[in-house]
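Worksheet: the structure to be examined is printed underneath.
The values are calculated or read from the model by the stated rules, or taken from the named source; none is laboratory data. Just so you know, these numbers come straight off a predicted model, no measurement behind them. Every residue, glycine as well, gets a Cβ built from its backbone with ideal geometry; the counts of neighbours run over all protein chains shown.
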Amino acid sequence: MELSAFNSSAGAPADPLFDWAPDAERLDREVRSAELNGRRDELTLAEIECSMDLLDAEIAALRQRPQADLSVDPELKERTAIRRRLAELAFRLERLPG
């Protein structure tokens with residue numbers, strides 16, 4: 001999945017196109033609700049997995065940007081942190097019976 005625009009005049013990838021972030025707070029509430037009910041919420045799990053896929057693609061696009069030190073890129077840090085949080089939510093849901 002290509003998430004960065006291509007600047008044909010300069011021949012270099014542009015900034016990622018998505019200005020989006022999953023609603024991690026809502027997803028966290030839905031996971032807690034599923035835990036209280038003792039049943040996996042398949043729709044929430046699917047949304048989390050799709051969001052992680054989109055974040056993976058955006059992280060890959062950010063890593064393609066020419067930059068001296070990617071470890072200080074605030075966009076990359078933010079998306080990586082959100083992705084980590086979603087992975088934890090997915091793990092909690094997967095432990096529940098279906």
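Assorted remarks:
- Under the condition of being polar (S, T, N, Q) and within 13 Å of ALA60 (Cα to Cα), the residues counted in the range 70-90 number 1.
- ALA57 vs. criteria of a type in the set (A, V, I, L, M), surrounded by fewer than 15 Cβ atoms within 10 Å (Cβ to Cβ) and in contact (Cβ under 8 Å) with a residue 12 or more places away in the chain: no
- Output for the range 67-98, where each listed residue is farther than 30 Å from LEU36 by Cα and of a type in the set (D, E, K, R): ASP69, ASP73, GLU75, LYS77
- Of the set (1) without any contact (Cβ under 8 Å) to a residue 24 or more places away in the chain; (2) assigned to a loop (DSSP other than H, G, I, E, B), all apply to ARG65 but (1).
- Checked against (1) surrounded by 11 or more Cβ atoms within 10 Å (Cβ to Cβ); (2) in contact with an Asp or Glu (Cβ under 9 Å, 6 or more places away or on another chain), LEU43 meets all criteria but (1).
- Inside the range 80-98, residues that are assigned to a helix (DSSP H, G or I) and in contact (Cβ under 8 Å) with a residue 40 or more places away in the chain make up a count of 8.
- Residue in the range 79-91 that is farther than 13 Å from ASP23 by Cα, more than 17 Å from the chain's Cα centre (by Cα) and either surrounded by 11 or more Cβ atoms within 10 Å (Cβ to Cβ) or at pLDDT below 95 (or both) present: no
- Scanning the range 22-39 for residues that are surrounded by 13 or more Cβ atoms within 10 Å (Cβ to Cβ) and under 15 Å from ALA87 (Cα atoms) turns up PRO22, ALA24, LEU27, ASP28, GLU30, VAL31.
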